[in-house]
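First up is the structure itself, then whatever we jot down about it.
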Amino acid sequence: MRKPILAANWKMHKTISEAVAFADAFLPLVAGVTNAEIVLAPPFPQLASVAAALRGSRVLLAAQNVHPEKHGAYTGEVSPTMLTDVGCRYAIVGHSERRHIFGESSAFVARKAASLLAHDLLPIVCVGETLDEREADRTFAVLEDQLNGSLVEVPDARAAEVVIAYEPVWAIGTGRTATPAIAQEAHAMIRGWLQKRFGATGDAMRIQYGGSVKPDNVAELMAQPDIDGALVGGASLEAASFAAIARYQENSK
Ligand code: PEP
């Protein structure tokens with residue numbers, strides 16, 4: 001049984017006071033959610049304050065990125081040990097904005113994922129095709145390539161700790177959500193790849209969908225057999241909206 005995981009990716013939004021106000025408003029709204037993991041990923045400077053605000057709750061903290069090295073001359077970067085120190089449990093790696101805006105390769109994503117596992121942090125590894133790639137009928141080839149490259153350093157014994165986020169680039173921040181059927185088709189392909197690569201562990205691994213998830217579409221997405229969670233950008237910025245997403249099971253049949 002895969003525990004659902006609903007994660008908020010705040011990207012480059014919210015000051016410290018806004019982030020803490022979110023946590024204060026959000027926690028009472030999700031206090032009754034016990035059968036899903038809820039994760040908040042604020043920007044780096046807000047992590048410590050959000051960690052303090054979440055203390056004593058079940059809501060977990062994530063970073064939006066990490067550098068694979070533990071320390072060194074990497075100006076502007078943040079190491080996995082710094083993330084554990086501040087209270088993170090997860091870190092997002094390979095988000096399409098990092099791949100496409102900052103030119104990160106799957107090989108670099110692979111180093112980050114392996115380093116997170118080595119430092120007792122859980123990676124959320126993002127994959128997803130662009131609109132051009134989908135229209136050229138290359139979706140599965142792109143996903144396979146990203147999975148091959150990004151998970152190459154994950155030891156078999158640690159695979160169950162890795163979360164995959166399938167995020168079609170054309171659905172991110174566009175209001176254009178993949179239909180549940182389109183999302184499920186990609187998730188089933190990813191599941192098949194995970195099973196081939198990690199054997200039975202592939203069944204236990206969680207695959208989130210990301211791309212314009214909202215309170216009114218989360219339940220039908222989560223009803224798909226291979227969708228185990230959501231990675232949410234825009235709709236995670238308001239406490240009530242992300243709480244409604246985290247509480248989707250109350251509206252599921
Ligand atoms: C994201 O940033 O991972 C994302 C899915 O954004 P949005 O929900 O705004 O499409």
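Which condition number does Ala178 fail, the rest of (1) modelled with pLDDT of 95 or more; (2) of a type outside the set (Ser, Thr, Tyr); (3) within 16 Å of the ligand (Cβ to nearest atom) being met?
So Ala178 meets the others, but not (1).
Report, by residue number, each residue of the stretch 81-95 that is in a helix (DSSP H, G or I) and farther than 16 Å from Gln46 by Cα. If you could, list the steps in order and put the result at the bottom.
Step one: list which residues in the stretch 81-95 are in a helix (DSSP H, G or I), which gives 81-86.
If the condition is that a residue be in a helix (DSSP H, G or I) and farther than 16 Å from Gln46 by Cα, then Thr81 is the only one that fits.
Are there any pairs with C-beta distances below 9 angstrom linking a residue in the stretch 215-241 that is in contact (Cβ under 8 Å) with a residue 60 or more places away in the chain to a residue that is away from the ligand (no atom under 11 Å from the Cβ) and of a type in the set (Asp, Glu), with the two at least 6 apart or on different chains, and if so which?
Going by the 9 Å Cβ cut-off, the qualifying pairs are Met222/Asp228; Gly229/Glu37; Ala239/Asp24.
Would you pick out the residues in the stretch 24-46 that are closer than 13 Å to Leu61 by Cα and touching a Pro at 6+ places or on another chain (Cβ under 9 Å)?
Correct list: Glu37 only.
Looking at Val152, is it under 18 Å from the mean Cα position of the chain (by Cα), part of a loop (DSSP other than H, G, I, E, B), among the β-branched types (Val, Ile, Thr) and at pLDDT 95 or above?
No, not satisfied.
If I filter the stretch 205-218 down to residues being outside any loop (DSSP other than H, G, I, E, B) and more than 10 Å from the ligand (Cβ to nearest atom), which single residue comes out as nearest to Pro155 (Cα to Cα)?
Among residues in the stretch 205-218 that are outside any loop (DSSP other than H, G, I, E, B) and more than 10 Å from the ligand (Cβ to nearest atom), the one nearest to Pro155 (Cα to Cα) is Arg206.
Restrict the check to the stretch 187-204 and report whether at least one residue is aliphatic (A, V, I, L, M), within 14 Å of the chain's Cα centre (by Cα) and either assigned to a strand (DSSP E or B) or more than 13 Å from the ligand (Cβ to nearest atom) (or both).
The answer is no; no qualifying residue exists.
Just to verify a result, which residue in the stretch 148-168, among those that are within 16 Å of the ligand (Cβ to nearest atom) and of a type outside the set (Val, Ile, Thr), is nearest to Ala107 (Cα to Cα)? Explain how you work it out, then say what you get.
Kept after step one, since they are within 16 Å of the ligand (Cβ to nearest atom), are these residues of the stretch 148-168: 150, 163-168.
Going one step further and asking which of them are of a type outside the set (Val, Ile, Thr), we end up with 150, 165-168.
Values: Ser150: 6, Ala165: 17, Tyr166: 18, Glu167: 19, Pro168: 20 Å.
Here the residue is Ser150.
Run down Gly234, Gly229 and say which single residue is buried (at least 22 other Cβ atoms within 10 Å of the Cβ) and within 15 Å of the ligand (Cβ to nearest atom).
Gly229
The values are calculated or read from the model by the stated rules, or taken from the named source; none is laboratory data. Bear in mind the structure is a predicted one, so any value in this text is a computation, not a measurement. Please note: Cβ atoms are built from the backbone with ideal geometry, for glycine as well, and neighbour counts cover all protein chains shown.
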